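Asks: The structure under discussion is supplied below as structure tokens; questions concerning it will follow.
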Amino acid sequence: MLPRLFSFNGGVKPDPNKGDSTREPIARLPLPPQLVVPLHQHIGGTPRPLVGVGERVLRGQRVGGADGNVSSAVHAPTSGRVIAVESRLMPHASGLSAPAIVIEPDGEDRHVEREAFDWHAASPGEVRDFLRDAGVVGLGGAVFPSHLKLNPGKAGHTDTLVLNGAECEPFITCDDMLMRTEPEGILRGALIMKKMLAARQVLVGIEDNKPEAAAALKAAAAALGDTSLEVVVVPTRYPAGGAKQLIRVLTGIEVPHGSRSTDYGVQCFNVATSLAVFQALEQGEPLIRRIVTVAGNVERPRNFEVAIGTPIGFVFAHAGLKPDTDKLIMGGPMMGMPLPGVDAPVVKATNCLLASSAALFPPPEPELPCIRCGECARACPADLQPFELYWHSRSRNFGRAQEYHLFDCIECGCCAYVCPSHIPLVDYYRYAKSEIWARERDKDAADSARERFEFRNWRAEREKEEKAARLAARSAAKPAAAPAATDGAAPTADAAVDPKKALIEAAMARAKAQKEAVAAKNTAEPDAAQQAQIDEADARRARAAATPDSERTE
Ligand code: SF4
Ligand code: SF4
């Protein structure tokens with residue numbers, strides 16, 4: 001029986017442009033002369049480097065250790081020598097650099113000892129730790145550490161595991177080709193995750209423009225004979241591959257603004273992530289390679305299996321970058337971001353490298369004022385009001401933008417795609433999000449500085465009090481000395497109670513005694529010797545007064 005399908009609001013139908021890169025099977029790209037492995041390739045903390053310059057590493061060796069639980073490890077993609085641990089250009093529109101391990105391959109591709117992990121016998125926490133240390137993160141683009149999503153939480157179980165094979169964005173075909181070539185590994189990974197989440201069923205969603213992939217997965221599911229696995233073909237409509245949209249289509253569950261699908265018993269993983277889980281646990285292979293679609297303005301569009309850290313220019317060179325290329329994009333034409341240069345490396349998030357030209361993507365038409373036509377709202381699959389988000393982002397009224405659920409925007413680009421005023425709406429949303437994050441970072445930094453300042457003051461105050469208490473205790477331990485020091489002054493009743501006050505009173509008494517001694521000395525009559533000295537000084541002053549200035553020698 002065909003499963004009942006649901007529909008999500010909005011969406012668009014751009015030209016898929018997927019045919020060129022699926023004509024040839026996946027090719028394994030050779031290793032480049034140098035691999036740049038960024039330490040931070042996922043959501044969460046930056047791993048700490050575990051190797052130094054000059055060290056020899058093996059393929060699959062951990063070179064960056066996860067920074068706490070919300071993080072993920074990174075590994076050497078091949079054997080070789082670490083030639084630098086330094087900041088390198090990252091594949092990000094900002095053009096910023098970040099710490100990376102730079103490895104010179106030795107050509108031997110020697111592997112660390114590989115061992116399957118006995119996940120059946122291990123506790124769920126141990127399996128999650130293993131996946132964290134194997135560097136498994138979401139490969140659909142979000143790069144969220146997978147081990148964190150494989151926790152059923154307080155409920156102890158999840159109803160449905162959704163495997164996302166929709167791959168709705170134009171040009172991108174890496175998941176399509178992976179499903180055709182590795183259907184069994186993908187489904188075995190899904191069954192492992194199903195067990196970890198104690199889920200009832202697994203639904204694999206594939207758009208109907210990938211018939212070969214759907215057939216391969218259906219055949220693999222039949223061979224596995226697990227009736228809880230179901231491969232479901234869904235209508236092609238962008239962005240059916242958005243997690244909330246695919247969940248809606250497959251289960252009918254509408255995840256409201258600000259909520260997570262797990263609140264409704266559904267967890268979603270990309271098909272490539274599922275294969276990575278299988279390879280890590282069953283084959284002991286950490287995440288060191290991925291499939292990358294190379295398409296657009298290239299001579300030989302194709303999918304390549306690429307070692308993480310391979311320079312993007314090296315990948316494009318194998319696909320034959322055409323000379324009239326004017327822009328390089330990581331991702332697809334709807335959600336991708338422009339690349340700052342060909343030296344940036346392929347990372348775990350690199351699903352597609354797209355070369356753009358004026359012929360392929362004509363320059364955008366000039367931006368016109370918003371006419372409030374509402375087309376953007378009709379196209380929004382997240383049921384947002386894009387023109388409101390635009391107004392508030394543009395006027396830097398970020399609080400209002402958040403009230404309109406800015407962070408529920410998945411940056412799919414449907415609104416900008418239909419906007420008759422050619423407003424680059426997503427650019428405004430990205431700007432607003434980055435400003436809000438920057439403000440939060442600044443606020444966190446200011447809060448930390450204030451806490452440090454308050455702590456320092458509290459510590460200084462405490463040290464002062466401890467010192468006073470120590471002195472008081474010492475004074476109390478010498479009761480006989482007290483009368484002499486205070487010139488007979490007895491401590492007051494208060495001082496007897498308060499050691500600090502006793503100390504102050506003792507100090508004041510000592511100062512008073514010293515002052516009185518000096519005054520007594522000054523008023524006492526001189527003895528005979530002192531009187532003789534005084535007389536002689538007087539006589540000297542009298543002689544000096546009688547001598548002319550020019551004769552003085554003093
Ligand atoms: S589609 Fe463009 S012009 Fe129309 S309301 Fe949205 S932002 Fe304004
Ligand atoms: S980019 Fe954001 S606002 Fe625009 S259609 Fe997509 S989800 Fe809606």
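Each reported figure results from applying straightforward, stated rules to the coordinates on display, with no laboratory input. Remember, it's a predicted structure, so these values are computed and weren't measured experimentally. Cβ placement follows ideal geometry from the backbone for every residue including glycine, while neighbour counts extend to all protein chains displayed.
Asks: As an exercise, take the mean of 1/r over every pair of distinct alpha carbons in the chain, invert it, and state the Kirkwood radius in angstroms.
Replies: Taking every pair of different Cα atoms in the chain, averaging 1/r and inverting gives 28.5 Å.
Asks: Longer than 25 Å from Cα to Cα, which of Lys244/Lys348; Lys18/Lys195; Lys210/Lys433 are they? Say none if no pair is. Each step should come with its number before you reach the end.
Replies: Working: Lys244/Lys348 22 Å; Lys18/Lys195 34 Å; Lys210/Lys433 34 Å.
Beyond 25 Å between Cα atoms: Lys18/Lys195; Lys210/Lys433.
Asks: Put +1 on the Cβ of every Lys and Arg and -1 on every Asp and Glu Cβ in the stretch 133-269; which of Val137, Ala240, Val266 then has its Cα farthest towards the positive end of the dipole?
Replies: In the stretch 133-269, that residue is Val266.
Asks: For the pair Ala476 and Asp383, what calculated FRET efficiency results from E = 1/(1 + (r/R0)^6), where r is the Cβ-Cβ distance and R0 = 45 Å, to the nearest 0.05?
Replies: 0.05
Asks: Determine, from the Cβ-Cβ distance of Glu184 and Arg441 and an R0 of 45 Å, the FRET efficiency 1/(1 + (r/R0)^6), rounded to the nearest 0.05.
Replies: After rounding, the FRET efficiency stands at 0.55.
Asks: Enumerate the aspartates and glutamates that Lys515 could reach by cross-link, defined here as Cα to Cα under 16 Å, with residues fewer than 8 away along the same chain left out.
Replies: Those aspartates and glutamates meeting the cut-off are Asp487, Glu505.
Asks: A further question on this structure: Show me the trypsin sites (Lys or Arg not before Pro) within the stretch 109-146 that DSSP assigns to loop and that have at most 13 other Cβ atoms within 10 Å of their Cβ.
Replies: Hits after loop and neighbour filter: Arg114.
Asks: Report, to the nearest 10°, how far helix 211-224 tilts away from the longest principal axis of the Cα atoms in the chain, using its own Cα long axis and a range of 0 to 90°.
Replies: Taking Cα atoms only, the helix is inclined about 80 degrees.
Asks: Kindly work out what percent of the DSSP beta bridges joining two residues of the chain are antiparallel, to the nearest 5.
Replies: So the antiparallel bridges in the chain amount to around 60 percent.
Asks: Further, regarding this structure: Starting from 0.36 nm per residue, how many nanometres of slack lie between Ala198 and Glu367 once their C-alpha separation is accounted for?
Replies: Values: separation 169, 0.36 × 169 = 60.84 nm, distance 5.04 nm.
The span from Ala198 to Glu367 would gain 55.8 nm if fully extended.
Asks: Label the stretch 134-284 by shape, choosing from rounded, prolate and oblate, from the square roots a ≥ b ≥ c of the eigenvalues of the Cα gyration tensor; if a/c is under 1.5 it is rounded, and otherwise prolate applies when a/b is larger than b/c, oblate when it is not.
Replies: rounded
Asks: I've got another one for you. Under a Cβ-Cβ limit of 4.7 Å, which cysteines in the chain have nobody to pair with?
Replies: Isolated Cys, the chain: Cys168, Cys174, Cys268, Cys352, Cys370, Cys373, Cys380, Cys409, Cys412, Cys414, Cys419.
Asks: Identify the residues of the stretch 447-468 with backbone N under 16 Å of a label point that sits 7 angstrom from the Cα of Ile504 along the Cα-to-Cβ direction, or state none.
Replies: What the label zone holds, given the 16 Å backbone N cut-off, is 464-468.
Asks: Roughly speaking, what is the centre-to-centre gap between the stretch 184-248 and the stretch 30-49 when only Cα atoms are used, to the nearest Å?
Replies: 30 Å
Asks: Work out the FRET efficiency for Asp106 and Ala468 from their Cβ-Cβ distance, taking R0 = 51 Å, and round it to the nearest 0.05.
Replies: So, using R0 = 51 Å, E works out to roughly 0.15.
Asks: Residues with beta-carbon under 14 Å from that of Asp175, excluding Asp175: net charge, scoring Lys, Arg +1 and Asp, Glu -1?
Replies: -3
Asks: Also: Note the angle between two axes, namely the Cα long axis of helix 124-133 and the longest principal axis of the Cα atoms of the chain, as a number of degrees from 0 to 90, rounded to the nearest 10.
Replies: So the inclination is approximately 80 degrees.
Asks: How large is the charge dipole for the chain, taken about the Cα centre, if only the Cβ atoms of Lys, Arg (+1) and Asp, Glu (-1) carry charge, to the nearest 20 debye?
Replies: It works out to roughly 640 debye.
Asks: Straight-line reach from Lys467: which lysines have Cα under 22 Å away, leaving out those fewer than 8 places along the same chain?
Replies: Lys478, Lys500, Lys501
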